[in-house]
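Read the structure below first, then the notes.
The values are calculated or read from the model by the stated rules, or taken from the named source; none is laboratory data. Remember, it's a predicted structure, so these values are computed and weren't measured experimentally. Every residue, glycine among them, receives a Cβ derived from its backbone with ideal geometry; neighbour counts consider all protein chains shown. The accessibility values were calculated without ligands, DNA or RNA, using every heavy atom of the protein model including side chains. Shrake-Rupley method; radii C 1.70, N 1.55, O 1.52, S 1.80 Å.
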Amino acid sequence: MGNDFPSKEVIEGLREKYPKGTKVRLIKMEDDPFPIEIGTKGVITHIDDIGTIFVDWENGRGLGLAYGKDKLQVIMDWAEATEYMRKFNKAHNITSKSGRPEIKIVAVMKSEGFADNGKEYSEIERSYEFSNLNKAFLPNMIGYSIFSDCLDKIDRGVRLDWYIAAEGNKDGWKVDYCYIKED
């Protein structure tokens, strides 16, 4: 009679991918009578021997995620995301805009201060995808730019380096969180 528990190798892989202190956001939770709300953020505390990923959630709960059923997303702040891009390019010896592999990160802006016209924008309308092939992440580039496309597919070619507060625009957009986009 078999079991549904992951192997020791899978557990070690999970612990490597999600070390203690990793910031995450809940994407899906199944089969819990009192689930955590989708989109809630938290910090991983540990992974047990059956693959349960335990998280201290921002709402004060400490509920674990079931291996193979629940889904989370690793998140980071703007500074961590831009540093990740630079380190990725260095590790893969990417020195030009034609380099490969290409990875993409999505930056989700906070709704406060996103636009001054009084309109409420959805999370998709406040989410911008950019790649490691921008000048800001490549060594020895003349100039500095971070071009992006909004996930709503309407706002394209936006220079995040002109709009984001963390890039020097004191009244600019504030990044809520970033995540690596998976295909």
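Out of Ala115, Ala79, report the one residue that is out of contact with any Pro (no Cβ under 7 Å at 6 or more places or on another chain), aliphatic (A, V, I, L, M) and open to solvent by less than 50 Å² (accessible area, probe 1.4 Å). Let's see the steps before the verdict.
Numbers: Ala79 fails: open to solvent by less than 50 Å² (accessible area, probe 1.4 Å).
Only one candidate qualifies: Ala115.
Can you pull out the residues in the stretch 45-60 that are loosely packed, with under 14 Cβ neighbours inside 10 Å and either of a type in the set (Lys, Arg) or assigned to a strand (DSSP E or B) (or both)?
His46, Asp56
Got a number for residues in the stretch 131-158 being out of contact with any Lys or Arg (no Cβ under 9 Å at 6 or more places or on another chain), open to solvent by 50 Å² or more (accessible area, probe 1.4 Å) and either at positive phi or not in a loop (DSSP other than H, G, I, E, B) (or both)?
Of the residues in that region, 3 qualify.
How many residues are out of contact with any Phe, Trp or Tyr (no Cβ under 7 Å at 6 or more places or on another chain) and closer than 11 Å to Thr40 by Cα if we restrict to the stretch 56-73?
7
Which one of the conditions (1) over 28 Å from Leu26 (Cα atoms); (2) open to solvent by 60 Å² or more (accessible area, probe 1.4 Å) does Ser96 fail to meet, given that it meets all the rest?
Condition not satisfied by Ser96: (2).
For the stretch 1-35, which positions are of a type in the set (A, V, I, L, M, F, W, C) and either open to solvent by less than 40 Å² (accessible area, probe 1.4 Å) or not in a loop (DSSP other than H, G, I, E, B) (or both)? First the steps, then the outcome.
Residues of the stretch 1-35 that are of a type in the set (A, V, I, L, M, F, W, C), as a first pass: 1, 5, 10-11, 14, 24, 26-27, 29, 34.
Val10, Ile11, Leu14, Val24, Leu26, Ile27, Met29 - these are the residues of the stretch 1-35 that are of a type in the set (A, V, I, L, M, F, W, C) and either open to solvent by less than 40 Å² (accessible area, probe 1.4 Å) or not in a loop (DSSP other than H, G, I, E, B) (or both).
Going by the conditions given, is Val108 open to solvent by less than 70 Å² (accessible area, probe 1.4 Å) and in contact (Cβ under 8 Å) with a residue 40 or more places away in the chain?
Yes; evaluated as a whole, the condition is true for this residue.
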